[in-house]
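S.K.: A single structure is presented below for examination.
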Amino acid sequence: MRETTGDLWDYLGEAVVTVTTNGHVNRKGECPMPRGCARQARERFPDLPLRLGRRIGETGNHVYDLGEGIVNFPVEHHWLENPDLRLIERSARELRELADAKGWREIVVPRPGCGGGGLDWAQVRPLLEKHFDDRFLVISAP
């Protein structure tokens, strides 16, 4: 696992970009993406909340290849809850498995749960290190 600072979106088109998400599906069938990189993804790809909501509705709150070089990374079960460290570790494992299956060479991941979620990077980093190899670039804002 490598680390850097910068803008997650600078990597779009060059690497797989990971967006932290929750597992809630609203009455419209959408996964709310109210803040952080999820909100930024929703603004760039307006149909993303519905695409993700359908996947969550079909098979649950897991990591999915959403197309257009975007992958979700569940950190919360509901957008009003705090991030769940067990869910973050499961998502790291699922992301690595998906990267292996797809043959991805570079995956950029924001520090899951550490922005608006309020987790400390010292808590999250060891969970990711168990699963991420040098293909994974964890990025934080400058």
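The values are calculated or read from the model by the stated rules, or taken from the named source; none is laboratory data. What you see is a predicted model, and the numbers here were worked out from it, not measured in a lab. Glycine also receives a Cβ, built like all others from the backbone with ideal geometry; neighbour counts cover every protein chain displayed.
S.K.: The conditions are (1) under 21 Å from R42 (Cα atoms); (2) surrounded by fewer than 18 Cβ atoms within 10 Å (Cβ to Cβ); (3) in contact with a His (Cβ under 9 Å, 6 or more places away or on another chain); (4) modelled with pLDDT of 95 or more, and N72 fails exactly one of them. Which is it?
M.R.: With (1) under 21 Å from R42 (Cα atoms); (2) surrounded by fewer than 18 Cβ atoms within 10 Å (Cβ to Cβ); (3) in contact with a His (Cβ under 9 Å, 6 or more places away or on another chain); (4) modelled with pLDDT of 95 or more applied to N72, the lone miss is (2).
Quick grid of which residues meet (1) over 15 Å from the mean Cα position of the chain (by Cα); (2) more than 25 Å from A101 (Cα to Cα); (3) free of Cβ contacts under 8 Å to residues at least 12 places away in the same chain:
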position: R27; (1), (2), (3): yes, yes, yes
position: M33; (1), (2), (3): no, yes, no
position: G57; (1), (2), (3): yes, no, no
position: N61; (1), (2), (3): no, no, no
position: G67; (1), (2), (3): no, no, no
position: H78; (1), (2), (3): no, yes, no
position: E81; (1), (2), (3): yes, yes, no
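S.K.: Next question, about the same structure. Quickly run through segment 112-138 and pick out the residues that are touching a Pro at 6+ places or on another chain (Cβ under 8 Å), hydrophobic (A, V, I, L, M, F, W, C) and at pLDDT 95 or above.
M.R.: Matches in segment 112-138: V124, L128, V138.
S.K.: Now for a separate question. If I go through segment 98-124 residue by residue, how many of them are more than 15 Å from V17 (Cα to Cα) and free of Cβ contacts under 8 Å to residues at least 12 places away in the same chain?
M.R.: Taking segment 98-124 and keeping what is more than 15 Å from V17 (Cα to Cα), we get 100-101, 113-124.
Checking the rest, the ones that are also free of Cβ contacts under 8 Å to residues at least 12 places away in the same chain come to 100-101, 120, 122.
Residues flagged as more than 15 Å from V17 (Cα to Cα) and free of Cβ contacts under 8 Å to residues at least 12 places away in the same chain within segment 98-124 amount to 4.
S.K.: If you don't mind, another one. Any residue at all in segment 52-60 that is part of a loop (DSSP other than H, G, I, E, B) and either β-branched (V, I, T) or at pLDDT below 95 (or both)? If you could, list the steps in order and put the result at the bottom.
M.R.: First pass over segment 52-60, keeping only residues part of a loop (DSSP other than H, G, I, E, B): 60.
Now narrow it down to the ones that are either β-branched (V, I, T) or at pLDDT below 95 (or both): none.
No: segment 52-60 contains no residue that is part of a loop (DSSP other than H, G, I, E, B) and either β-branched (V, I, T) or at pLDDT below 95 (or both).
S.K.: Considering only segment 9-22, I want to know if a residue exists there that is touching a Lys or Arg at 6+ places or on another chain (Cβ under 9 Å) and at pLDDT below 95.
M.R.: Checking segment 9-22: not a single residue is touching a Lys or Arg at 6+ places or on another chain (Cβ under 9 Å) and at pLDDT below 95.
S.K.: When segment 86-112 is examined, which residues are found to be among the aliphatic types (A, V, I, L, M), within 11 Å of the chain's Cα centre (by Cα) and assigned to a helix (DSSP H, G or I)? Outline the logic, then answer.
M.R.: To start, the set of residues in segment 86-112 that are among the aliphatic types (A, V, I, L, M) comprises 87-88, 92, 95, 98-99, 101, 107-109.
Adding the requirement that they be within 11 Å of the chain's Cα centre (by Cα) leaves 88, 92, 95, 107-109.
The answer is I88, A92, L95.
S.K.: Return the residues of segment 1-27 that are crowded, with 17+ Cβ neighbours inside 10 Å and not in a loop (DSSP other than H, G, I, E, B); say none if nothing qualifies.
M.R.: As a first pass, look at segment 1-27 and keep what is crowded, with 17+ Cβ neighbours inside 10 Å: 8, 11, 15-25.
Across segment 1-27, the qualifying residues are L8, Y11, A15, V16, V17, T18, V19, T20, T21, N22.
S.K.: Here's a follow-up. Can you spot a residue in segment 30-50 that is farther than 20 Å from I139 by Cα, among the acidic types (D, E) and surrounded by 15 or more Cβ atoms within 10 Å (Cβ to Cβ)?
M.R.: Yes, segment 30-50 has at least one match.
S.K.: In the set C37, C31, which member is more than 15 Å from V108 (Cα to Cα) and either in contact with a strand residue (DSSP E or B) (Cβ under 9 Å, 6 or more places away or on another chain) or modelled with pLDDT under 95 (or both)? Quick ask: steps written out before the conclusion?
M.R.: Details: C37 fails: more than 15 Å from V108 (Cα to Cα).
C31 is the lone residue from the list that is more than 15 Å from V108 (Cα to Cα) and either in contact with a strand residue (DSSP E or B) (Cβ under 9 Å, 6 or more places away or on another chain) or modelled with pLDDT under 95 (or both).
S.K.: For the subset of segment 89-108 comprising residues that are among the charged types (D, E, K, R) and surrounded by fewer than 17 Cβ atoms within 10 Å (Cβ to Cβ), which member is farthest from P74 (Cα to Cα)?
M.R.: Start the filter on segment 89-108 by keeping residues that are among the charged types (D, E, K, R), which leaves 89-90, 93-94, 96-97, 100, 102, 105-106.
Next cut, surrounded by fewer than 17 Cβ atoms within 10 Å (Cβ to Cβ) only: 93, 97, 100, 102, 105-106.
Details: R93: 11, E97: 15, D100: 18, K102: 19, R105: 21, E106: 19 Å.
Result: R105.
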